[in-house]
Amino acid sequence: KTDVENIDNALALVEQLRGVSFDWIEMNAGKHDFGFIAEEVAKVLPELVKVEDGEAIGVAYHRLTAITVEAIKAQQDQIESLTTERDDLQSRIERLEALVGALIENGGE
């Protein structure tokens, strides 16, 4: 492999995708399925869409894995940041409650 680069903005890319449920047309057995609309995916990640005669005909679902993994990692970073912020705020609240409690016990002095 050459020109290996990290996938930037994976979460933003994933947020632009719309998962759908649908029924296949008769030539594809008419069964119910889940997936994406190839034309919609092509607007976000054209590299994942197979095109024939100018028409989007399929999505390379297996190639979405790398993007979703990076999106999950970005979400985990956000979760960890928010957890740290919450813990800091909880600590501040506890200190303030202790101060207020001490003031009340001392008659507001």
Quiz item: Which sequence of T83, T65 reflects their accessible areas, 1.4 Å probe, from the largest down?
Solution: T65, T83
Quiz item: What net charge is computed for the residues neighbouring L89, neighbours being all others with C-beta under 13 Å from the C-beta of L89, Lys and Arg scored +1, Asp and Glu -1?
Solution: -2
Quiz item: How large is log10 I(q)/I(0) at q = 0.19 Å⁻¹ when the Debye formula is applied to the Cα atoms of the stretch 1-51, each weighted equally and without solvent?
Solution: -0.77
Quiz item: Modelled label-to-label distance, M27 and E39, 7 Å Cα→beta-carbon offset: nm?
Solution: 1.7
Quiz prompt | Computed magnitude of the charge dipole of the chain (debye, nearest 20; Cβ of K, R +1, Cβ of D, E -1) | solution = 220
Self-check item: Estimated inter-spin distance, T84 and L103, nm [label 7 Å along Cα→Cβ]
Solution: 3.1
Quiz prompt | Kirkwood hydrodynamic radius of the chain, from inverse mean 1/r over distinct Cα pairs, in Å | solution = 18.4
Quiz item: Using only helices, what value at 222 nm comes out for the chain when you add -39,500 (n - 2.57) per DSSP H run of length 4 or more and divide by the total residues, to the nearest 500 deg cm²/dmol?
Solution: -17000 deg cm²/dmol
Quiz item: Mean projection of the alpha-carbon convex hull of the stretch 47-107 over all orientations, in nm²?
Solution: 6.4
Quiz item: Working out 0.36 nm times the residue gap between I57 and Q76, then minus their Cα-Cα distance, what length gain in nm do you get to one decimal?
Solution: 3.5 nm
Quiz item: How much accessible area does D88 have with a 1.4 Å probe, in Å² rounded to the nearest 10?
Solution: 90
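The values are calculated or read from the model by the stated rules, or taken from the named source; none is laboratory data. Remember, it's a predicted structure, so these values are computed and weren't measured experimentally. Cβ: placed from backbone, ideal geometry, glycine included. Neighbour counts: every protein chain shown. Accessible surface is based on the protein model in full, side chains and every heavy atom, while ligands, DNA and RNA are left aside. Shrake-Rupley method; radii C 1.70, N 1.55, O 1.52, S 1.80 Å.
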